[in-house]
1. Applying the selection to the stretch 99-116, what residues are closer than 23 Å to residue 35 by Cα and either open to solvent by less than 30 Å² (accessible area, probe 1.4 Å) or not in a strand (DSSP E or B) (or both)?
2. Please go through the stretch 114-143 and pick out each residue that is within 15 Å of the chain's Cα centre (by Cα) and of a type in the set (A, V, I, L, M, F, W, C).
3. For the stretch 7-30, state whether one or more residues are modelled with pLDDT under 90, crowded, with 18+ Cβ neighbours inside 10 Å and either in contact with a Ser or Thr (Cβ under 6 Å, 6 or more places away or on another chain) or farther than 18 Å from residue 128 by Cα (or both).
4. Would you tally the residues in the stretch 117-145 being part of a helix (DSSP H, G or I) and of a type outside the set (Ser, Thr, Tyr)?
5. Starting from the stretch 128-144, keep only residues that are hydroxyl-bearing (Ser, Thr, Tyr), then list their pairs with residues that are open to solvent by less than 60 Å² (accessible area, probe 1.4 Å) and at pLDDT 85 or above whose Cβ atoms are within a distance under 8 Å, requiring at least 6 positions of separation or different chains.
6. Given 62, 80, which one is surrounded by fewer than 17 Cβ atoms within 10 Å (Cβ to Cβ), part of a strand (DSSP E or B) and β-branched (Val, Ile, Thr)?
7. I'd like to check something: does the stretch 46-54 contain any residue that is surrounded by fewer than 17 Cβ atoms within 10 Å (Cβ to Cβ), out of contact with any helix residue (DSSP H, G or I) (no Cβ under 8 Å at 6 or more places or on another chain), of a type in the set (Gly, Ala, Ser) and closer than 21 Å to residue 141 by Cα?
Amino acid sequence: MMSNSFVKMHASDEAKRFFVLGDRVERRVRIRGTWLNIFDVTVPSGSRTPRHAHASPEVFRILEGRLTIWRLSDTGPEEIEAGAGDIVSIPPFVVHGYANRGTAPAIFSAVVDRDMAEFIEAEGATEPPKASPSAETVARMTAAANAYGITILAA
């Protein structure tokens, strides 16, 4: 019988908060020696992430609210309306993005790889934005994403 593992966050690993294109992104765990990272993402009403692709898979588990997730599949584009408890997986190299079309914030946990975690932590702001991301901010984030193996296709 396999035992369950419990990951306890140490004081040095406490949740770190970043703001990426309007979303609040909090690191919940980085399991050392693996690629595994878990972030909680709060998506304000009306916020979205641009369509993008990267080599790593992602898994989203919706905790609160509703999120519209767009991804390009072998049969064409698909849009998924996900609510609390739903889990959506994004395979490697699949173009995808998400939007919160509701009136309340949406919160989801994202399992991401090391490159995505490093991008969030290096390029995310430490203070919440006072307005929607400017064209200059989007352009800067797009350029920075490329260094982490993330291709942003449409902002």
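1. Scanning the stretch 99-116 gives 108, 109, 110, 112, 113, 114, 115, 116.
2. Matches in the stretch 114-143: 116, 117, 119, 120, 122, 125, 141.
3. yes
4. 16
5. 132/22; 137/21; 142/50; 142/152
6. One residue alone meets the criteria, 80.
7. yes
The values are calculated or read from the model by the stated rules, or taken from the named source; none is laboratory data. Just so we're clear, the structure is a prediction, and the values are computed from it rather than from any experiment. We place every Cβ from the backbone using ideal geometry, glycine too, and count neighbours over all the protein chains shown. Protein only, heavy atoms only, side chains kept; ligands, DNA and RNA dropped before computing areas. Shrake-Rupley method; radii C 1.70, N 1.55, O 1.52, S 1.80 Å.
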